[in-house]
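Data block below; observations after.
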Amino acid sequence: MSTTASPPDATSAGGASTYLDSADGRSFRVRGSWTPPRVGDFLHLESGGATLLGQVERLEAEGRDQHVASGTLVSVDGPPPAPVPTPVEVSPASDEEVAAVVSGADRRLHVGRLQSMPGVPLGLLSRKLNRHTFWCGQSGSGKTYALGVLLERILTATDLPVLVLDPNSDFVHLDTTVPTADPQESRALADRDVQVLRPDSQERPLRIRFTDLSARAQAAVLRLDPVVDRVEYNALLQLAASFEERHLADVLPTLNQADTPEAVMLAQRLENLGLLDWRTVWSDHTTSATDVLDRRPAATVLDLGGYDEQEEQLAVALGVLDHLWQRRSQRRPLLIVVDEAHNLCPPQAETPLGVAVRDRLVQIAAEGRKYGLWLLVSTQRPSKVHPGIVTQCDNLTLMRMTSRTDLEQLAGIFGHVPEDMLRRAAQFRLGEALVAGTFVPRPTLVRMRDRVTEQGGSDVSVPLRDEDPAVESPPHRPTTGEGTVS
Ligand SMILES: Nc1ncnc2c1ncn2[C@@H]1O[C@H](COP(=O)(O)OP(=O)(O)OP(=O)(O)O)[C@@H](O)[C@H]1O
Ligand SMILES: [Mg+2]
């Protein structure tokens, strides 16, 4: 028995003191004098000739020793429970019972183990990854590490291609396994086509073509406002079609040769903004990130963190997102992962490029699902990402979060997640998460498993002074306590 629920005064022993009722056959309430379980735990219930499995979503105390646990009936074997109080025997559910509900048959999809039942792995429902996902938790709660776990599972067990927009260079080693990983798991990942595109790489440079951008995107790069700069903006609309060249440097002579004052103004703008100096942004006559993406490798990581300027990051992100959107009618599935999403889709964007990227992501959140474009956005607080994106997410992974305001906001958005389970995030330790939504069988409190690949930007240690031998060293560093899920 591994939940904290201890068997109550059993109904069979010395007078019925614990009762079960169910208003609709799908939810349950257990009332009695017993040591209550914790929210999220599973209960084995025997009542009225039926065996039931219930997940606790809410706990209330009644008087000094009476407790009420209520939640969802996950399985019912026998006659459905009655709406009136019926004597019940309650015990913590066994590992086998819970695993039958939450683990799934494919161990390659196991992302971690239940916090209260370390013997029970949580399995992803890979077919239900066709929804948008919100990944949230305060800084240092383990979001990026856990996101890596999810990506590794997707790469290992599915054919769903993934695009990672990586503003912190945290996923640039997604193609490199750690020496401590299980050899079979390492091999499974090594077989997958993972393309890491980086600004300073000779072999796999991250580039886009200016002339592939839509006129609207080009205008955003040139910081043109359609109303304030209407003359130049209009000149760009007229000229954009004639930019057949593939490099921005080739556009400049075209503008100067056009011999109209507006074209010359555009050329000046291009030079003044120093856009030709974005040497690691613009593709010459060869590769563009969109060419790589069109092949749909198993994973394509765009190392946006390799750029010095935020505007460069935004230009590349816009080029790629616009490209995907323009081809949406092909309905080719892609999971678009945006870590540190506050960089690309904050509620208030500051520049025309920022607005264009954000608006495209909001549009993908609103309409992309039916075209097979699914977003996974990760950030520290719900308010740091545009509400038009967060409110479109069906799936939630919540890591440590102590802010009551943020938890209330999440409860408002993710109404399908039991509020008391959300509140438990305030006590989470590193690597612990609440996972809920269509991509898992039940809302589950989980401890994420270990990574198979390297995380790019792990924490910087605090520099310490030489140890004073007179001071005793601390007993041991707390660990996250999760090994490889078997
Ligand atoms: N389950 C885990 N096991 C071991 N180490 C972990 C685990 N989760 C996270 N870490 C480590 O803890 C540190 C913080 O994790 P991570 O970078 O994932 O946090 P984060 O929530 O993404 O933070 P931020 O919002 O600042 O980006 C990293 O050094 C990471 O390697
Ligand atoms: Mg992070």
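Among the residues making up region 145-156, those that are more than 16 Å from ligand 1 (Cβ to nearest atom) and crowded, with 22+ Cβ neighbours inside 10 Å are Ile154, Leu155.
Being among the small types (Gly, Ala, Ser) and surrounded by fewer than 23 Cβ atoms within 10 Å (Cβ to Cβ) is the filter here, so list the residues in region 220-240 that pass it. Listed by number, the residues that qualify are Ala235, Ala240. Gln195 meets each of the listed conditions (1) within 25 Å of the chain's Cα centre (by Cα); (2) not assigned by TED's automatic domain parsing to the domain that holds Val337 apart from (2). Of the residues making up region 100-132, those that are small (Gly, Ala, Ser) and within 21 Å of the chain's Cα centre (by Cα) are Ser103, Gly104, Gly112, Gly123, Ser126.
You will find that of Asp159, Asp191, Asp182, the residue that is over 18 Å from Gly456 (Cβ atoms), surrounded by fewer than 17 Cβ atoms within 10 Å (Cβ to Cβ) and within 16 Å of ligand 1 (Cβ to nearest atom) is Asp182 and no other. You will find that of Ala69, Ala61, Ala16, the residue that is under 18 Å from Arg424 (Cβ atoms), among the hydrophobic types (A, V, I, L, M, F, W, C) and at pLDDT below 95 is Ala61 and no other. Just one of the listed residues (Thr287, Thr300) is more than 24 Å from Gly148 (Cβ to Cβ) and β-branched (Val, Ile, Thr), namely Thr287.
You will find that of Val301, Val292, the residue that is surrounded by fewer than 22 Cβ atoms within 10 Å (Cβ to Cβ), hydrophobic (A, V, I, L, M, F, W, C), within 20 Å of Leu344 (Cβ to Cβ) and at pLDDT 95 or above is Val292 and no other. At least 3 residues being within 16 Å of ligand 2 (Cβ to nearest atom) and of a type in the set (A, V, I, L, M, F, W, C) is the threshold, and among the helices (runs of 4 or more DSSP H) wholly inside region 340-441 not one reaches it. Please go through region 209-220 and give me each residue that is touching a Phe, Trp or Tyr at 6+ places or on another chain (Cβ under 7 Å) and of a type in the set (A, V, I, L, M), ordered by number. If the condition is that a residue be touching a Phe, Trp or Tyr at 6+ places or on another chain (Cβ under 7 Å) and of a type in the set (A, V, I, L, M), then Ala219 is the only one that fits. The C-beta contact set for region 257-275 (first residue acidic (Asp, Glu), second residue assigned to a helix (DSSP H, G or I) and surrounded by 15 or more Cβ atoms within 10 Å (Cβ to Cβ), distance under 8 angstrom, 6+ apart or interchain) comprises Glu262/Glu232; Glu262/Ala235; Glu271/Leu252. When Val338, Val385, Val355 are screened for being surrounded by fewer than 23 Cβ atoms within 10 Å (Cβ to Cβ) and β-branched (Val, Ile, Thr), only Val355 passes. Across region 421-440, the qualifying residues are those that are crowded, with 18+ Cβ neighbours inside 10 Å and away from ligand 1 (no atom under 16 Å from the Cβ), and the one among them that is farthest from Leu125 (Cα to Cα) is Arg424. Listed by position, the strands (runs of 3 or more DSSP E) inside region 91-144 whose residues that are closer than 19 Å to Val162 by Cα, within 16 Å of ligand 1 (Cβ to nearest atom) and not assigned by TED's automatic domain parsing to the domain that holds Leu43 number at least 3 are 133-136. Which of the residues that make up region 428-473 are modelled with pLDDT of 95 or more and hydrophobic (A, V, I, L, M, F, W, C)? Result: Phe428, Leu430, Ala433, Leu434, Val435, Ala436, Phe439, Val440, Leu445, Val446, Met448, Val452.
Residue-by-condition table, conditions (1) at pLDDT 95 or above; (2) surrounded by fewer than 21 Cβ atoms within 10 Å (Cβ to Cβ); (3) within 13 Å of His44 (Cα to Cα):
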{"position": "Gly78", "(1), (2), (3)": "yes, yes, no"}
{"position": "Glu96", "(1), (2), (3)": "yes, yes, yes"}
{"position": "Ser103", "(1), (2), (3)": "yes, no, no"}
{"position": "Asp106", "(1), (2), (3)": "yes, yes, no"}
{"position": "His110", "(1), (2), (3)": "yes, no, no"}
{"position": "Pro118", "(1), (2), (3)": "yes, yes, no"}
{"position": "Pro121", "(1), (2), (3)": "yes, no, no"}
{"position": "Leu124", "(1), (2), (3)": "yes, no, no"}
{"position": "Asn130", "(1), (2), (3)": "yes, yes, no"}
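Among the residues making up region 124-147, those that are touching a strand residue (DSSP E or B) at 6+ places or on another chain (Cβ under 7 Å), more than 10 Å from ligand 2 (Cβ to nearest atom) and of a type outside the set (Val, Ile, Thr) are Leu124, Leu129, Asn130, Arg131, His132, Phe134, Cys136.
The values are calculated or read from the model by the stated rules, or taken from the named source; none is laboratory data. As the structure is a computational prediction, the values presented were derived from the model and not from experiment. Glycine gets a Cβ as well: all are built from the backbone with ideal geometry, and neighbour counts include every protein chain shown.
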